[in-house]
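What follows is a single structure, written as structure tokens, with notes after it.
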Amino acid sequence: MSSIAQNLQHVQQQIAAAAERAGRPAGAVQLLAVSKTFGPQAVLEAVRAGQRAFGENYLQEALEKIAALPLLAPDAPLQWHFIGPIQSNKTRPIAEHFDWVHSVDRLKIAQRLSEQRPAALGALNVCLQVNISGEDSKSGLDPAELPAVAAQVAQLPGLKLRGLMAIPAPSEDVTQQRAAFAAVRSLLAQLQAQGLALDTLSMGMSADLDAAVAEGASIVRIGSAIFGARHYA
């Protein structure tokens with residue numbers, strides 16, 4: 001068994017244990033393997049270990065992998081999630097090649113994704129990114145503007161608004177971690193009370209996975225715990 005396969009198994013066990021402690025059913029939390037900065041061969045190792053959903057931050061790197069994997073693993077249909085910041089001039093290839101976008105942080109981006117989504121692919125699943133910790137360095141909608149933007153995005157053709165994504169300020173304090181994730185869960189509940197049919201909380205990474213699952217994450221985005229330390233050029 002490769003190290004990536006072993007790491008995947010360990011993360012899956014960690015998710016299952018966290019869900020059990022939280023009284024959540026098995027399978028309630030989807031693992032999104034964040035493969036940014038790792039090449040097609042690393043993704044292939046994860047595919048061979050059973051992983052099917054992958055998250056990417058960098059568009060050009062992602063497009064190369066999306067093109068390569070059907071040749072390397074033709075019998076494994078994969079799901080690709082874009083989770084990085086989105087520039088307006090990059091929306092077309094994102095709309096054309098991804099199944100999910102987690103990082104919609106303004107109405108203009110949603111409108112462009114909607115206009116550029118090929119009808120033959122069906123609706124693009126999107127999450128609104130919320131800046132839950134109010135950090136100047138982070139992308140994301142202010143919680144106060146979320147209800148109005150969500151209502152508008154939910155009406156766009158070509159998109160299916162699924163829920164919220166957040167990257168809280170880093171903390172080693174589990175109580176602080178849980179408080180941030182609980183705030184995101186509360187925002188989702190408020191949108192559901194508006195009548196929006198939302199089902200997704202994309203939150204939690206390698207360092208705060210347990211807290212995210214305890215507070216209702218439905219997708220956790222795990223990279224280094226699966227693929228190892230990242231090497232940036």
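Looking across the stretch 42-76, the residues that are basic (Lys, Arg) and either out of contact with any Asp or Glu (no Cβ under 9 Å at 6 or more places or on another chain) or surrounded by fewer than 17 Cβ atoms within 10 Å (Cβ to Cβ) (or both) come down to Arg48, Arg52. Cβ separations smaller than 9 Å between residues 6+ apart or across chains give the following pairs from the stretch 147-163 residues that are closer than 14 Å to Arg112 by Cα and of a type in the set (S, T, N, Q) to residues that are modelled with pLDDT of 95 or more and assigned to a helix (DSSP H, G or I): Gln152/Leu107; Gln152/Ala110; Gln152/Gln111. Within the bounds of the stretch 76-89, is there any residue that is more than 20 Å from Ala123 (Cβ to Cβ) and of a type in the set (A, V, I, L, M, F, W, C)? Yes, because at least one residue in the stretch 76-89 is more than 20 Å from Ala123 (Cβ to Cβ) and of a type in the set (A, V, I, L, M, F, W, C).
Being farther than 12 Å from Glu215 by Cα and touching a residue at least 60 places away in the same chain (Cβ under 8 Å) is the filter; apply it to the stretch 5-27 and report the residue that is most open to solvent (accessible area, probe 1.4 Å).
Of all residues in the stretch 5-27, those farther than 12 Å from Glu215 by Cα come to 5-17, 20, 25-27.
Filter once more, keeping what is touching a residue at least 60 places away in the same chain (Cβ under 8 Å): 7-8, 10-11, 14-15.
Numbers: Asn7: 52, Leu8: 2, His10: 113, Val11: 2, Gln14: 56, Ile15: 14 Å².
Result: His10.
Results for (1) of a type outside the set (Phe, Trp, Tyr); (2) at pLDDT 95 or above; (3) touching a Pro at 6+ places or on another chain (Cβ under 6 Å); (4) closer than 27 Å to Leu146 by Cβ, shown as yes or no for each residue.
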| site | (1), (2), (3), (4) |
| --- | --- |
| Ala53 | yes, yes, no, yes |
| Ile66 | yes, yes, no, no |
| Trp80 | no, yes, no, yes |
| Gly84 | yes, yes, no, yes |
| Thr91 | yes, yes, no, yes |
| Phe98 | no, yes, no, yes |
| His102 | yes, yes, no, yes |
| Arg112 | yes, yes, no, yes |
| Gly122 | yes, yes, no, yes |
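Of all residues in the stretch 118-138, those satisfying the criterion of being assigned to a loop (DSSP other than H, G, I, E, B), of a type in the set (Gly, Ala, Ser) and open to solvent by 40 Å² or more (accessible area, probe 1.4 Å) are Ala123, Ser133, Gly134, Ser137. When residues in the stretch 195-210 are screened for being more than 15 Å from the chain's Cα centre (by Cα) and modelled with pLDDT of 95 or more, 4 of them pass.
Restricting the search to the stretch 60-101, which residues are assigned to a loop (DSSP other than H, G, I, E, B), over 23 Å from Ala166 (Cα atoms) and of a type in the set (A, V, I, L, M)? Ala73, Ala76, Leu78, listed by residue number.
Looking across the stretch 148-159, the residues that are surrounded by 14 or more Cβ atoms within 10 Å (Cβ to Cβ) and more than 25 Å from Ala179 (Cβ to Cβ) come down to Ala151, Val153, Ala154, Leu156, Gly158, Leu159.
The values are calculated or read from the model by the stated rules, or taken from the named source; none is laboratory data. Fair warning: this is a prediction, and the values are worked out from it, not measured in the lab. Positions of Cβ are backbone-derived with ideal geometry, glycine not excepted, and every protein chain shown enters the neighbour counts. With ligands, DNA and RNA removed, areas are computed over all heavy atoms of the protein, side chains included. Shrake-Rupley method; radii C 1.70, N 1.55, O 1.52, S 1.80 Å.
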